[in-house]
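Colleague: Structure in structure tokens, see below.
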Amino acid sequence: MAILGRSRIRQRREDRDDAMKKYVLPISLFAIFEAVAVALWLSKGNAFYLFNFTYIGASLALGTALFIRRNKNARRITQLLVGLYMLVYLGLVRGENMQIEGFWYYLFLGVFEAATIHYAVAKIFGPLLFGRGWCGYACWTAMVLDFLPYKIPERPRKTFGWVRYVVFVASLAFVAALFLAPIGNVESVMFWAFIVGNVAYYAIGIATAYALRDNRAFCKYVCPITVFLKPMSYFSLLRITCDHSKCVQCGTCGSVCPMDVDMLDDARSRQNGTECILCLECVRNCPQDAL
Ligand code: SF4
Ligand code: SF4
Ligand code: SF4
């Protein structure tokens, strides 16, 4: 009896170790966000940071765990959990402008809070670690665009990428003008800028998606945040690579990629490499498990 009991305990331990190994990515993700949550909570003395980063870390961990369990809606679930939280709760309820104008605004004020922390973590330094994971799993603009019918681009890529720099400079000029012009209640202006900015992003995003038959046309040509995201994600630790000993060159991965990435080329300088949003559609569809 004692030997049977010991073998059951050993079996349970092995099962638990296997589960830990299988879910190491979601556990690590949650641990990283929890570390940020606790560090900001203690350094700023504000429990909101504990809630905020715990919620986001838990949502991302849930999404990756669901992906490991081969749930085909894993990414979309995470995108909705994080995107709606940021748009509705942080933006509309708490009145924090989390768009690029909000980032410039708090940066000019010299305040490391709200949008500045968000940009530092998700869009400037975070991409060194997780690339454009923000674009695949959290952005509230893409959260809506991904419901449109052109999940895979139906037309060749255009050369309108310069538009992002125009929008980037315009957002900076708008906030600079707010500081230079004698405008009262700038906080209220920033709140309304958040509403108007989002309505404009959705309208332009939907219009360009239909015009170019590509859900992610806005991300490819217009979004000013890519001015930060693209160069930083070039150095990303987390990236899609190909095991060429398994690949049979069937082309399936390229045909399902929403961002036209040449994922068969492992070089950092590969075609559209900084466009990868880590959606894992190529990984999910590869018949050889080569990615
Ligand atoms: S490129 Fe811009 S709009 Fe598209 S997902 Fe990334 S942050 Fe969102
Ligand atoms: S889907 Fe897989 S096997 Fe086919 S080309 Fe891509 S990596 Fe190679
Ligand atoms: S399909 Fe693959 S290469 Fe293309 S964006 Fe998604 S993860 Fe990146």
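The values are calculated or read from the model by the stated rules, or taken from the named source; none is laboratory data. Everything numeric in this text was worked out from a predicted model, so none of it was measured. Here the Cβ positions follow ideal geometry from the backbone for every residue, glycine too, while neighbour counts run over all protein chains shown.
Colleague: Considering (1) among the β-branched types (Val, Ile, Thr); (2) modelled with pLDDT of 95 or more; (3) assigned by TED's automatic domain parsing to the domain that holds Ala115; (4) away from ligand 1 (no atom under 15 Å from the Cβ), say which one Ile204 fails and leave the rest.
Modeller: For Ile204, the failing item is (4).
Colleague: Now for a separate question. Check off (1) in contact (Cβ under 8 Å) with a residue 24 or more places away in the chain; (2) within 20 Å of Tyr89 (Cα to Cα); (3) away from ligand 3 (no atom under 16 Å from the Cβ); (4) in contact with a helix residue (DSSP H, G or I) (Cβ under 7 Å, 6 or more places away or on another chain) for Val189 and give me the number that stays unchecked.
Modeller: (1)
Colleague: I've got another one for you. Take the stretch 234-246 and flag every residue that is more than 7 Å from ligand 3 (Cβ to nearest atom) and either surrounded by 15 or more Cβ atoms within 10 Å (Cβ to Cβ) or of a type in the set (A, V, I, L, M) (or both). Please lay out each step first, then the result.
Modeller: First pass over the stretch 234-246, keeping only residues more than 7 Å from ligand 3 (Cβ to nearest atom): 234-239, 241-246.
Tyr234, Ser236, Leu237, Leu238, Arg239, Cys242, listed by residue number.
Colleague: If a residue must be closer than 29 Å to Tyr202 by Cβ and in a loop (DSSP other than H, G, I, E, B), how many such residues does the stretch 218-262 contain?
Modeller: Adding up the residues that qualify gives 12.
Colleague: Note down all Cβ pairs under 8 Å where the first residue falls in the stretch 255-278 and is on the phi > 0 side of the Ramachandran plot and of a type in the set (A, V, I, L, M, F, W, C), the second is part of a loop (DSSP other than H, G, I, E, B) and within 15 Å of ligand 1 (Cβ to nearest atom), and they're at least six residues apart or on different chains.
Modeller: Between residues of the stretch 255-278 that are on the phi > 0 side of the Ramachandran plot and of a type in the set (A, V, I, L, M, F, W, C) and residues that are part of a loop (DSSP other than H, G, I, E, B) and within 15 Å of ligand 1 (Cβ to nearest atom), the close pairs are Leu278/Gly131; Leu278/Arg132.
Colleague: Then there is this: From the list Leu25, Leu62, exactly one residue is within 22 Å of Arg284 (Cβ to Cβ) and touching a residue at least 40 places away in the same chain (Cβ under 8 Å). Which is it?
Modeller: Just one listed residue meets the conditions, Leu25.
Colleague: Scanning the stretch 117-149 for residues that are within 14 Å of ligand 1 (Cβ to nearest atom) and assigned to a loop (DSSP other than H, G, I, E, B), which turns out farthest from the chain's Cα centre (by Cα)?
Modeller: Going residue by residue through the stretch 117-149, those that are within 14 Å of ligand 1 (Cβ to nearest atom) are 118-119, 121-124, 126-127, 130-148.
Subset that is assigned to a loop (DSSP other than H, G, I, E, B): 126, 131-132, 138-139, 146-148.
Numbers: Gly126: 10, Gly131: 8, Arg132: 5, Ala138: 5, Cys139: 6, Asp146: 13, Phe147: 16, Leu148: 18 Å.
Applying the filter and picking the extreme gives Leu148.
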